[in-house]
Amino acid sequence: MQLDDVAIPVENVLGAVGKGHKVAMCTLNLGRMKMSANCAGTAKKILATTTQYATERRQFGHPIADFGLIQRKLADMASRAYAAESVAYRTSGLVYHALEDTDGMGPPTLDDKLNTLTEFSAECAMAKVFTSEAYNALADEALQVFGGYGFSEEYSPARMYRDSRITRIYEGTNEICRLYAQRAMLRRAWKGDLDFDSAIEALSAEAPNGGLEALQHADSNWGFEPIASGIRDLKKIYFYLVQAVSEGIEKDRMFDADNQQYMASLADVAIEIFGAESTYLRVAKHKLAGAPGSDLAEALARICFQRSVERIGSEANEILSALAEHGDLRSHLDHISKWLPLPAGLIETRAFVARSVLDIGGLPASMT
Ligand SMILES: Cc1cc2nc3c(=O)[nH]c(=O)nc-3n(C[C@H](O)[C@H](O)[C@H](O)COP(=O)(O)OP(=O)(O)OC[C@H]3O[C@@H](n4cnc5c(N)ncnc54)[C@H](O)[C@@H]3O)c2cc1C
């Protein structure tokens with residue numbers, strides 16, 4: 001649709017004349033933030049539906065919920081849904097608190113809203129990617145738990161699967177959101193709004209946490225170990241990779257089409273850290289408040305953290321093996337291996353989560 005020479009009443013103009021692009025982009029940021037809540041809520045609903053089916057469907061003389069592989073799926077689904085909800089809470093909290101703080105003089109103006117949404121545009125894009133991919137993963141596993149019935153339109157998973165699929169496409173495809181988020185963070189770092197330089201310097205100084213809060217606004221230096229220290233180490237890997245990419249690719253070619261794979265891998269590392277840290281921060285608050293159910297929350301965070309560690313290790317391999325000379329690759333991999341947390345055994349953790357999910361019928365609606 002093209003609008004040309006259309007008269008608009010003055011009172012209907014949004015923002016300044018000629019600056020409509022900023023309003024349009026901020027509408028996308030807001031849409032991405034809201035979508036993260038939508039994806040997280042639907043993911044929880046899918047978990048509840050799947051849990052109920054698993055207790056009703058019987059095979060080999062048992063409800064399929066008795067089988068370890070179905071329990072494993074329920075536990076993984078629960079941890080993804082919980083992590084998605086944590087990301088949605090954190091992102092909307094960042095935006096709403098920033099709007100409350102704009103000037104303390106009444107409701108925020110349109111400019112306040114646009115500036116806040118611009119400031120958190122990387123978080124909104126990362127939240128959209130993380131939560132929509134969690135929602136898609138849940139829809140896929142729900143269909144698998146329903147078996148052949150899941151494939152039939154007469155049962156709910158077929159609809160869940162189709163509905164989940166669009167969330168990776170609209171409000172900016174997940175490819176575009178990945179590129180956007182990484183570019184926004186690098187541009188802010190180049191402008192001096194994010195302190196990537198101190199974080200990169202701290203890598204060689206081995207300072208415990210110097211500058212590493214630059215990636216996000218919250219510091220995870222509180223709560224339960226070893227996830228707290230693990231997240232700090234994952235941030236070191238992110239900055240190590242940013243440094244490697246910055247040394248390997250000229251700054252003015254960084255966003256070229258043929259360098260998109262590097263940008264998307266960096267974005268994936270940042271998105272995984274954002275997801276794991278948001279989940280961890282929520283559980284740490286839960287524990288500090290002494291709220292009931294903190295054992296379940298901690299187990300969910302452990303599964304989420306392990307998934308992020310695996311993804312980050314794989315993306316780091318992609319970047320370093322492409323950039324490093326053959327002889328250097330081993331030393332790069334040795335360097336980051338000291339920051340890559342050791343795998344945690346999750347078989348017992350998943351069994352515990354599955355038992356809780358089966359007892360409750362999903363995740364508790366009111367989990368802190
Ligand atoms: C059900 C539905 C509802 C929708 N609702 C709305 C709405 O309310 N408002 C609205 O404005 N739009 C809406 N859309 C449109 C939606 O936002 C677009 O479909 C989406 O942005 C992708 O654009 P496209 O379909 O033209 O795909 P294309 O741009 O053709 O993309 C095709 C593929 O190429 C990739 N790609 C494209 N450009 C690049 C690039 N530069 N670098 C790397 N990869 C790239 C994409 O990620 C994608 O994988 C809706 C779409 C659907 C299906």
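Could you pull out the trypsin sites (Lys or Arg not before Pro) across region 1-93 that fall in loop regions by DSSP (anything but H, G, I, E, B) with no more than 15 other Cβ atoms inside 10 Å? Spell out each step's value before the answer.
Details: sites: 19, 22, 32, 34, 44, 45, 57, 58, 72, 73, 80, 90; in loops: 19, 57.
Those that pass, being in a loop and sparsely packed, are 19.
Using the crude model of +1 on Lys and Arg Cβ and -1 on Asp and Glu Cβ, and no other charge, please compute the dipole size for region 18-174 relative to its Cα centre, in debye to 20.
Once rounded to the nearest 20, the dipole reads 400 debye.
Please work out how many pairs of lysine residues in region 179-345 are eight or more positions apart (or on different chains) and have Cα atoms closer than 28 angstrom.
For region 179-345, the number of qualifying lysine pairs is 11.
Can you bin every Cα-Cα distance in region 179-345 into 10 Å intervals starting at zero and give me the percent of pairs per bin, rounded to whole numbers?
The distribution over region 179-345 is 10, 38, 35, 13, 3, 0, given as percents.
Run the dipole for region 179-345 about the Cα centre, Lys and Arg Cβ at +1, Asp and Glu Cβ at -1, nothing else charged, and hand back the magnitude in debye, nearest 20.
540 debye
Residue farthest toward the positive end of the dipole of the chain, with Cβ of Lys/Arg at +1 and Asp/Glu at -1: which of 132, 185, 331?
132
Given a 1.4 angstrom probe, what's the average accessible area per residue across the chain, in square angstrom?
Ligands and nucleic acids excluded, the result is 50 Å² per residue.
Using a Debye calculation, one point per C-alpha and no hydration shell, please list log10 I(q)/I(0) for region 18-174 at q = 0.10, 0.16 Å⁻¹ in order.
So the normalised log intensities are -0.45, -0.84.
Against the empirical 2.2 N^0.38 Å scaling, what ratio does the C-alpha Rg of region 121-194 come to? Before the final figure, lay out each step's value.
Working: Rg = 16.5 Å, N = 74, 2.2 N^0.38 = 11.3 Å.
It is 1.47.
Among 118, 340, 367, flag the residue with its Cα farthest along the positive direction of the charge dipole of the chain, charges on Cβ as +1 for Lys/Arg and -1 for Asp/Glu.
367
Give me the percent of accessible area attributable to carbon and sulfur for the chain, probe 1.4 angstrom.
Values: 9780 of 18410 Å².
In the chain, the share of accessible area belonging to carbon and sulfur is 53 percent.
Setting aside same-chain residues fewer than 8 positions from residue 113, which lysines have a Cα under 20 Å from its Cα?
Excluding near neighbours in sequence, the set is 19, 22, 34, 128.
Which of 299, 87, 198 sits farthest toward the positive end of the charge dipole of the chain, with +1 on the Cβ of Lys and Arg and -1 on the Cβ of Asp and Glu?
299
Determine the principal axes of the Cα atoms in the chain, then give the extent along each, sorted from largest to smallest and rounded to whole angstroms.
67, 62, 43
Treating the beta-carbon of each Lys and Arg as +1 and of each Asp and Glu as -1, no other charges, what is the dipole magnitude of the chain about its Cα centre, to the nearest 20 debye?
1060 debye
In Å and on Cα atoms, what radius of gyration and Dmax does region 2-111 show?
Expressed in Å, the Cα Rg and Dmax of region 2-111 come to 22.8, 72.
Region 7-76 to region 290-313: how many Å between their Cα centroids?
Cα centres, region 7-76 to region 290-313: 20 Å.
Less than 16 Å apart at the alpha-carbon level, and either on another chain or at least 8 residues along: which lysines does that give for residue 73?
44, 45
The values are calculated or read from the model by the stated rules, or taken from the named source; none is laboratory data. All of these numbers come straight from a predicted model, not from anything done at the bench. Cβ sites come from the backbone with ideal geometry, for glycine too, and all protein chains shown count toward neighbours. The protein model used for the area step is the full one, side chains on, heavy atoms only, and it has no ligands, DNA or RNA in it. Shrake-Rupley method; radii C 1.70, N 1.55, O 1.52, S 1.80 Å.
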